[in-house]
Amino acid sequence: MNELAQAFKMALALILTGDSDLLEIVWLTMQVSISAVAVASLAALPLGGALALFSFPGRRTLIILLNSLMGLPPVVVGLLVYLLLSRQGPLGEWGLLFTPTAMVIAQCILVFPIVAALTRQVVEDLWGEYGEQLRSLGASRLRSVATLLLEGRFALSTVVLAGFGRAIAEVGAVLIVGGNIAHLTRVMTTAIALETSRGELSLALGLGILLIGLSVSVNGAAYLLREYSGWRHG
Amino acid sequence: MKLPKTIPGRCEQGTFLAGIPRAGALRAGTLRAGALRAAVLLAAIVLAAFPAHSQAGDAPDGPAILLASTTSTENSGLFAHILPRFREDSGILVRVIALGTGQAIRLGMRGDADVLLVHHRPSEDRFMAEGHGAERRDVMYNDFVIAGPRHDPAGIRGMKDAAVALLKVARAGAEFVSRGDDSGTHKAELRLWEEGGLDPVKSSGKWYRETGSGMGATLNTAAAMGAYLLADRGTWLSFKNRKDLDLLVEGDPRMFNPYGVLVVNPARHPHVKSVEARVFMEWITGPRGREAISSFRLEGRQVFYPAAK
């Protein structure tokens, strides 16, 4: 219990002092995870929508595959990206290993199946509801996908937030491809791992509390944005 | 990144959805501009603000090299003490990746690091012999210690022979936690077992527990279990969660722990920054570096000693 109280005190102290190293870590954490989710969603939303409406051979297999990939182990993704970006790897010439960009790539891979698979479900449900109307209006499937994505945007914002939750919480992938280098690739989760290995358990837990707080503020902001846009447009 | 002018379906929807009965729910033509536009804007801001030095290349204000090293040197705080001095002297920023010695050496073999600072001489010599390194030098040394629960069920406190002490732990069936991760410390531990003539790996999962983790994680495990372990003195002294663990055995010359610096061979990996890496090697083995290493203190004690000239 004492350690827990200590951790909350530590978290509070960290916030109050506004330590510049910590701010740097928080900022990088947000940049990496938001970039990864933005890039992944840009591709996964339309793909998930298309998967809901188009029928083609192997569709069912693809859906099962996508659903399974939601549980991709971060360490495996990290290793995969490491081998790709290592100097000996196929993309070694880019020199991206141990950079924030490498971390974005790894998180992108982790987030993509989550957003695509959940989008597929959301759009498929909407298609059940509005499909007939759209068809009767002569809307092409492609146009229907776009319409339903727009129509489902509230549900889809939760989908994107689920992807964000995955990105910001994972440590296995970013540790391998980022290397936890101070002032370059150290994010909240790798900093927590580092402090744990130093035996600074209260500090580690304090950072963990901050990370949860960070997640709460992002989700809170998204929620307010949603309320606001709902209110503005009735 | 510009805001997309034509979001899919945006222009058309006003017309083709106009007559739908539930238009209230479906009137996507208005797009409720807020949410989507704000999301795109946010993504654009974040992407644009990405650090200019997001390439592992140089720092914004000078050259930078990548040093693959061991958790023992990073966790103890040694690098935080000496690297700012090196930067002051040379203008070169050193970025540290802390791994086990085995992993650090493999990183060097793949050309993913410019310089290594590790502690397992046979692996270092192999690295050089196979042509992965351009040059190797002795840097510094410290020693390993055996720690264990304060009440010391195996009764090894104060022993001077580390190999015999480990045998006693095994005979007592007391729990021993091993790094099990191919690190320099792990290899040193295995050599001590070998000298005692006992293969602990046969008892893996019983009294012998391999964590496959770094020094800190292994210390956390041992502290929680009340188990024995071999640790490097630097990490031991800087570790804050010792709980019931005590330092029990030290001073056996076989627990000598020498560190070497190795410059990755530019002939093998043309992209490595061998010039800067060499500057680092010269500095850390030279008078300024030796002075920096000697002046590093943990709990008022010197932890690393510069190698003999």
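The values are calculated or read from the model by the stated rules, or taken from the named source; none is laboratory data. What you see is a predicted model, and the numbers here were worked out from it, not measured in a lab. As a convention, Cβ positions derive from the backbone with ideal geometry for all residues, glycine included, and neighbour counts pool all protein chains shown. Note: areas computed on protein heavy atoms with side chains; ligands, DNA, RNA excluded. Shrake-Rupley method; radii C 1.70, N 1.55, O 1.52, S 1.80 Å.
For first residues located in region A:137-165 and facing chain B (nearest Cβ under 10 Å), partners that are of a type in the set (F, W, Y) and outside any helix (DSSP H, G or I) and lie 6+ apart or on another chain with Cβ distances below 9 Å form the pairs A:L142/A:F54; A:V145/A:F54.
Residues satisfying the criterion are present in region B:155-171 (criterion: open to solvent by less than 10 Å² (accessible area, probe 1.4 Å), out of contact with any Ser or Thr (no Cβ under 8 Å at 6 or more places or on another chain) and part of a loop (DSSP other than H, G, I, E, B)).
Out of the residues in region A:49-91 that are closer than 26 Å to A:V160 by Cα and within 14 Å of chain B (Cβ to nearest Cβ), state the one that is surrounded by the most Cβ atoms within 10 Å (Cβ to Cβ). Residue satisfying both the conditions and the ranking: A:G49. You will find that of A:T190, A:T185, A:T158, the residue that is assigned to a helix (DSSP H, G or I) and closer than 29 Å to B:L298 by Cβ is A:T190 and no other. Does B:S72 meet the test of being within 12 Å of chain A (Cβ to nearest Cβ) and polar (S, T, N, Q)? So B:S72 fits the description; yes. Buried (at least 22 other Cβ atoms within 10 Å of the Cβ) and under 30 Å from B:G289 (Cα atoms): is that true of B:F144 in this structure? Yes; evaluated as a whole, the condition is true for this residue.
Annotation: of all residues in region B:234-258 being over 20 Å from B:E299 (Cα atoms) and of a type in the set (D, E, K, R), the one that is least open to solvent (accessible area, probe 1.4 Å) is B:D252. Out of region A:193-202, which residues are open to solvent by less than 40 Å² (accessible area, probe 1.4 Å) and in contact (Cβ under 8 Å) with a residue 24 or more places away in the chain? Within region A:193-202, A:S202 is the sole residue that qualifies.
If I filter region B:188-202 for residues that are over 21 Å from B:G77 (Cβ atoms), in contact with a helix residue (DSSP H, G or I) (Cβ under 6 Å, 6 or more places away or on another chain) and touching a residue at least 40 places away in the same chain (Cβ under 8 Å), do I get at least one hit? Please lay out each step first, then the result.
Initial filter on region B:188-202 (over 21 Å from B:G77 (Cβ atoms)): B:188-202.
Still in the list and also in contact with a helix residue (DSSP H, G or I) (Cβ under 6 Å, 6 or more places away or on another chain): B:192-193, B:195-196, B:198, B:200.
Okay, now just the ones that are also touching a residue at least 40 places away in the same chain (Cβ under 8 Å), so B:192, B:195.
Among the residues of region B:188-202, at least one is over 21 Å from B:G77 (Cβ atoms), in contact with a helix residue (DSSP H, G or I) (Cβ under 6 Å, 6 or more places away or on another chain) and touching a residue at least 40 places away in the same chain (Cβ under 8 Å), which makes the answer yes.
Working only within region B:212-233, note down all residues that are surrounded by 24 or more Cβ atoms within 10 Å (Cβ to Cβ), assigned to a helix (DSSP H, G or I) and of a type in the set (G, A, S). Selection gives B:G216, B:A222. The condition of being among the β-branched types (V, I, T), assigned by TED's automatic domain parsing to the domain that holds B:R137 and within 27 Å of B:K187 (Cβ to Cβ) does not hold for B:V279.
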